[in-house]
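S.K.: To start, I am sharing the structure in question, which I have written as structure tokens.
The values are calculated or read from the model by the stated rules, or taken from the named source; none is laboratory data. Source: prediction; values computed, not measured. Neighbour counts run over all protein chains shown; Cβ positions are idealised from the backbone, glycine included.
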Amino acid sequence: MVAARKKSLSKKSAAKPAKRVAKLKGLTPAQAYKDLIAYWKRLATFGSVGSLLGWDQRTYMPSGASSHRAEQLALMSGMYHEMATSPHVKDLIAAAGELPAAKKEDTVEAVNVREIRREYGMATKLPQTLVEELSRATSRAYDVWVEARKQNDFNTFKSHLETIVGLTRKRADALGWKASRYDALLDEYEPGATKAEIEQIFAPLRTELAQLVGEIVSSGRQPDPKILNADYPAAAQEKFCKEAAAQIGFDFNCGRLDTTTHPFCSGVGVGDTRLTTRYNPHDFSGALFGTLHEAGHGIYDQGLEAKHYGSPMGNSVSLGIHESQSRMWENFVGRSLAFWKYFYPKLRETFPQALSGVGLDALYFAINKSQPSFIRVESDEATYNLHIILRFELESALIEGSLKAADVPGEWNARFKKLFGLEVPDNRRGCLQDVHWSGGGIGYFPTYTLGNLYAAQLFEQARKDLGDLDGQFSAGEFQPLKGWLNQKVHHQGMRFRSNKLCEKVTGKPLDHKYLMRHLRKKFGGLYGFSA
């Protein structure tokens with residue numbers, strides 16, 4: 001999960017350019033553009049302070065400080081909103097839009113003016129009181145969620161969820177929507193996407209995934225469970241995780257790795273990217289793949305061009321594309337046989353007792369075990385997207401009013417049984433497992449599956465462009481892929497929308513067949529059925 005500042009984005013146009021230029025007392029378009037970018041960069045720097053407060057809250061802040069932190073974050077959110085909605089920004093946008101370069105498609109200037117206009121337009125629709133109220137509510141809800149999850153007590157979290165859903169509905173209504181209130185929220189994370197489009201993408205994927213999972217279950221094969229149920233000391237895991245993240249390209253001179261309840265990555269600013277993970281002393285895989293996942297987010301943040309920091313050209317295009325980077329490094333690279341041909345000897349050196357007598361193929365099967373399970377972040381590639389579909393259906397129902405917060409546990413459990421064939425034993429392993437709703441991140445979940453889809457399509461193109469990726473990974477060479485992603489994705493900033501970026505890089509629109517081809521080839525080989 002990437003913990004990023006919510007982008008208040010909109011397609012609202014600026015007012016009449018001639019009047020705006022006049023109000024700037026003859027300021028030229030070139031100077032207006034320069035001032036606009038300088039202002040937006042200062043705004044980003046201010047916002048990064050709030051990011052740091054959020055990171056601290058989820059890592060080292062004492063629990064007794066939660067109320068004070070809520071007030072701090074509410075103040076920061078309100079001040080940020082006030083700065084972001086200054087009428088002076090509207091004047092600068094209008095004047096900068098007259099710059100010839102800003103009128104050309106996809107130039108740096110055009111992208112920056114377009115996206116700042118979009119963000120300003122949406123921000124000005126939100127009352128500052130609502131921004132502050134939502135920030136305060138989510139900050140308080142986070143600490144309640146942590147304790148509720150620990151105690152398996154949904155009732156203590158229920159009223160907070162009700163408050164957040166109510167405020168989020170107000171946010172959606174303020175932003176405006178046509179077909180679905182959920183569209184306004186989804187658009188903040190995946191600009192331009194709609195609920196109807198997501199449903200259209202998810203429908204065939206759901207059908208084919210259910211078929212794949214059925215074939216895996218009916219195969220009767222399973223790896224040795226003892227491999228991932230041994231003694232893996234947390235300190236040794238941390239050392240190995242850092243080495244693996246550094247090897248694939250995460251720069252620890254400009255970042256760090258810490259522990260938290262729910263792993264995330266926070267790109268605080270240039271030279272400061274924070275990763276988090278969590279350790280299970282009896283299973284190294286959760287921490288390692290969680291670290292690789294967050295390192296993928298971190299590599300994207302570190303790959304954004306520093307000279308564009310604070311402007312749209314120095315920002316990620318969407319959370320779907322951001323997720324494609326994390327899922328690519330976690331699954332397409334980290335869970336590949338080629339990756340382990342290089343790293344397995346190092347893993348055995350780190351955990352000689354736990355892995356005594358365990359061969360490479362046995363480990364590869366163990367870390368790619370597929371079986372319906374309760375916890376999303378611990379689920380395998382074949383079942384993961386079914387977890388996302390469940391959350392997408394529930395949160396859209398919450399926002400549209402067909403599901404009440406009090407009824408979430410029952411509805412979650414019923415739908416989970418239908419999707420996975422399992423009875424949810426408790427809310428800790430059910431509706432309380434994810435942090436997103438406590439933070440107001442409604443509309444976020446679909447970007448995980450979009451990320452998997454984009455990752456598959458981008459990775460297949462990387463294979464075509466870079467040649468023998470498996471051979472490179474087996475030799476510990478990950479820089480070619482990282483460099484390719486830097487050029488094709490990271491350095492593009494917000495130049496293209498997600499779907500357009502996908503077409504630019506791969507020559508094809510987003511299609512679920514790439515992900516299904518990857519999954520059927522991998523799991524068909526492991527579980528003995530035709531790909």
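S.K.: Somewhere in the stretch 268-276, is a residue modelled with pLDDT of 95 or more, surrounded by fewer than 21 Cβ atoms within 10 Å (Cβ to Cβ) and farther than 25 Å from residue 495 by Cβ?
M.R.: So far as the stretch 268-276 goes, no, none of its residues is modelled with pLDDT of 95 or more, surrounded by fewer than 21 Cβ atoms within 10 Å (Cβ to Cβ) and farther than 25 Å from residue 495 by Cβ.
S.K.: Could you go through the stretch 473-483 and let me know if any residue there is in contact with a Lys or Arg (Cβ under 6 Å, 6 or more places away or on another chain) and of a type in the set (A, V, I, L, M).
M.R.: No, because not a single residue in the stretch 473-483 is in contact with a Lys or Arg (Cβ under 6 Å, 6 or more places away or on another chain) and of a type in the set (A, V, I, L, M).
S.K.: How many of the residues making up the stretch 90-107 are under 15 Å from residue 121 (Cβ atoms) and not small (Gly, Ala, Ser)?
M.R.: 4
S.K.: Those residues that are buried (at least 17 other Cβ atoms within 10 Å of the Cβ), over 18 Å from residue 434 (Cα atoms) and not basic (Lys, Arg), I need them from the stretch 361-380; list them, please.
M.R.: Result: 363, 364, 365, 366, 367, 368, 370.
The rows are residues; the columns are (1) within 22 Å of residue 188 (Cβ to Cβ); (2) touching a Gly at 6+ places or on another chain (Cβ under 9 Å); (3) assigned to a helix (DSSP H, G or I).
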{"site": "285", "(1), (2), (3)": "no, no, yes"}
{"site": "302", "(1), (2), (3)": "no, yes, yes"}
{"site": "313", "(1), (2), (3)": "yes, yes, yes"}
{"site": "316", "(1), (2), (3)": "yes, yes, no"}
{"site": "331", "(1), (2), (3)": "no, no, yes"}
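S.K.: While we're looking at this one, here's another question. For residue 54, which of the numbered conditions (1) at pLDDT below 95; (2) more than 30 Å from residue 263 (Cα to Cα); (3) crowded, with 19+ Cβ neighbours inside 10 Å fails to hold?
M.R.: (2)
S.K.: Of all residues being hydrophobic (A, V, I, L, M, F, W, C) and outside any helix (DSSP H, G or I) in the stretch 190-246, which is farthest from residue 363 (Cα to Cα)? Just the residue, please.
M.R.: Initially, the stretch 190-246 is screened for residues hydrophobic (A, V, I, L, M, F, W, C), giving 193, 196, 198, 201-203, 205, 209-210, 212-213, 216-217, 227-228, 230, 234-236, 240-241, 244-246.
Restricting the remaining residues to those that are outside any helix (DSSP H, G or I) gives 193, 227-228, 230.
Values: 193: 39, 227: 7, 228: 9, 230: 13 Å.
Residue satisfying both the conditions and the ranking: 193.
S.K.: Those residues that are surrounded by fewer than 12 Cβ atoms within 10 Å (Cβ to Cβ) and either in contact with a His (Cβ under 9 Å, 6 or more places away or on another chain) or over 19 Å from residue 381 (Cα atoms) (or both), I need them from the stretch 197-219; list them, please.
M.R.: 200
S.K.: Can you tell me which residue among 305, 323 is within 27 Å of residue 114 (Cβ to Cβ) and surrounded by fewer than 20 Cβ atoms within 10 Å (Cβ to Cβ)? So that I can check it myself, show each step before the final result.
M.R.: On the way: 323 fails: surrounded by fewer than 20 Cβ atoms within 10 Å (Cβ to Cβ).
The match here is 305.
S.K.: Within the stretch 442-471, work out how many residues are in contact (Cβ under 8 Å) with a residue 60 or more places away in the chain and out of contact with any Cys (no Cβ under 7 Å at 6 or more places or on another chain).
M.R.: Total meeting the criteria: 18.
S.K.: Continuing with this model, one more query. In the stretch 477-510, which residues are touching a residue at least 40 places away in the same chain (Cβ under 8 Å) and either acidic (Asp, Glu) or under 12 Å from residue 333 (Cβ atoms) (or both)?
M.R.: Residues satisfying the conditions are 478, 481, 482, 485.
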